[in-house]
1. Within region 309-361, which chymotrypsin sites (Phe, Trp or Tyr not before Pro) sit in a loop by DSSP and count at most 11 neighbouring Cβ atoms inside 10 Å?
2. I'd like the trypsin sites (Lys or Arg not before Pro) in region 286-326 restricted to DSSP loop residues with at most 16 other Cβ atoms within 10 Å, sorted by number.
3. Would you please give the FRET efficiency between His397 and Leu62, computed as 1/(1 + (r/R0)^6) with r the Cβ-Cβ distance and R0 = 35 Å, to the nearest 0.05?
4. Where does each of 420-429, 387-396 land if you order them by average Cβ count within 10 Å, highest first?
5. For region 25-169, place one equal point scatterer on every Cα, skip the solvent, and apply the Debye formula. What is log10 of I(q)/I(0) at q = 0.09, 0.18 Å⁻¹?
6. If Trp44, Trp90 are ordered by their accessible area, calculated over protein heavy atoms with a 1.4 Å probe, which sequence runs from highest to lowest?
Amino acid sequence: MFSREWWRKRSLRVRDDKVTKAAELSLRESLLPLCLVTILFFLWGFSYGLLDTLNKHFQEVLHITKGRSAGLQAAYFGAYPLASLGHAAWILRRFSYRAVFIWGLFLYGLGALLAIPCIKAKSFAGFCVCIFIIGNGLGSLETAANPYITVCGPPRYSEIRINFAQAFNGIGTVVAPVLGSYVFFGFDDNVALQNVQWVYTAIAIFVFILAIIFYLIELPEITDADMQHQAAETHAGDADQPFRKQYRLFHASFAQFCYTGAQIAIAGYFINYVTETRKDTDSALGAQFLAGAQGTFAIGRFAGAAIMHFIRPRKVFLLFLTACIIFIAPSITQRENTGMSMLYVTLFFESICFPTIMALGMRGLGRHTKRGSGFLVAGVFGGAVVPPLMGAVADMHDTAMSMVVPLAFFSVAWTYALAVNFWPWYRDTCDAFTTAEIGVREREDGVVGKSVVDEEEAVGMERQTVGEKGL
């Protein structure tokens, strides 16, 4: 079992300048790898949902202000650019997607283990450092998982694939607040902190096991050469241009920064909002309301993915982001169930925005795909910037008034939605991939998509056959 051939197949290094069959996988061929990678989406959704609950929990247990508690979001999302533009991007371009998956899971587990002594010591600063390590792990996972889901399979279904996978991210954000409402609140401070320790212990064990599984399995690897070939086949994008001239990518990355910052800020202060604006609502009930809101978020992703079967993804994106702006505005002045319901509707329409910006922003990048995906994931850094701004406004006024902050950032992100729908330079590139037949038509060779290792094996067998014929 553990022969030299077995170890060679599990090499984490893949040549990036070689065209493979991986970028032409059919829906059936891409099903198994997509299912495995979708587990990662659930993981960081769970971690993100847990963070929103811990925000309010630490305000009460450690007696810190709303602005200071936003340090959790700043540490978590501040790590993303370091991963997506730094170490994770370096590993992705020089090794493989699988290598980044394993690296991200290792950092996630390491941060979870280190969080335990910090929780025991009631050190908020120490816990923020651990969250920063976890953020590096999850940033690494997103750097690889988002582009992998987007490019693994027929290009015309990329937005549908990533929204469907991200729906499991939404499920994770539902499970975490429900868990938090039962194990973080309703106990004395020491018992509540001990419960947090057990949660992070379980996380560490699970992610280390998952890292081993990713090492043992074989995943099809998509190279930059594959993506360059795909861009040429669809006649879309500026893949032949230098990276510095990929202006649509930079616009998408800025829109991602603004949108993600607004989304994180709303979820981070959701419990504060409902406890302040709704009578007889404590933090435990607020966490359950947050779980319900995240449930609408997850439903929105499934619904959005279904709608994209019939309506072009760029149009669905414009509709959903416009609705976010429309429904977040009344939450500033409304109270009780009316204000909370506005946030519920807003979270429903937030659902497809992040993954759709990701998929549309990667259109036509060709050989720049891996590097470009790092910039799009780095846009998550908005989650480190906007929540502290919102927390500062909430401390000066109240949480309802602070909703003007995400409203402003939604409005800026809206410029990208308008561009991909009404500017031909943006729109035509998106539509070229939406109508592409790659991976949809049955390939002439009838061969299942292969990795580089598989192709090298095939070449070796062919040479052996030629040699036998010569004898």
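1. Sites meeting the loop and neighbour criteria: Phe310.
2. Passing sites in region 286-326 do not exist.
3. Approximately 0.90, to the nearest 0.05.
4. 387-396, 420-429
5. Debye output, listed in q order: -0.31, -1.00.
6. From most exposed to least exposed: Trp90, Trp44.
The values are calculated or read from the model by the stated rules, or taken from the named source; none is laboratory data. Keep in mind that what you see is a predicted model, and the values were worked out from it rather than measured. Positions of Cβ are backbone-derived with ideal geometry, glycine not excepted, and every protein chain shown enters the neighbour counts. For the accessible areas, the whole protein counts, side chains as well, though only heavy atoms, and no ligand, DNA or RNA atoms are used. Shrake-Rupley method; radii C 1.70, N 1.55, O 1.52, S 1.80 Å.
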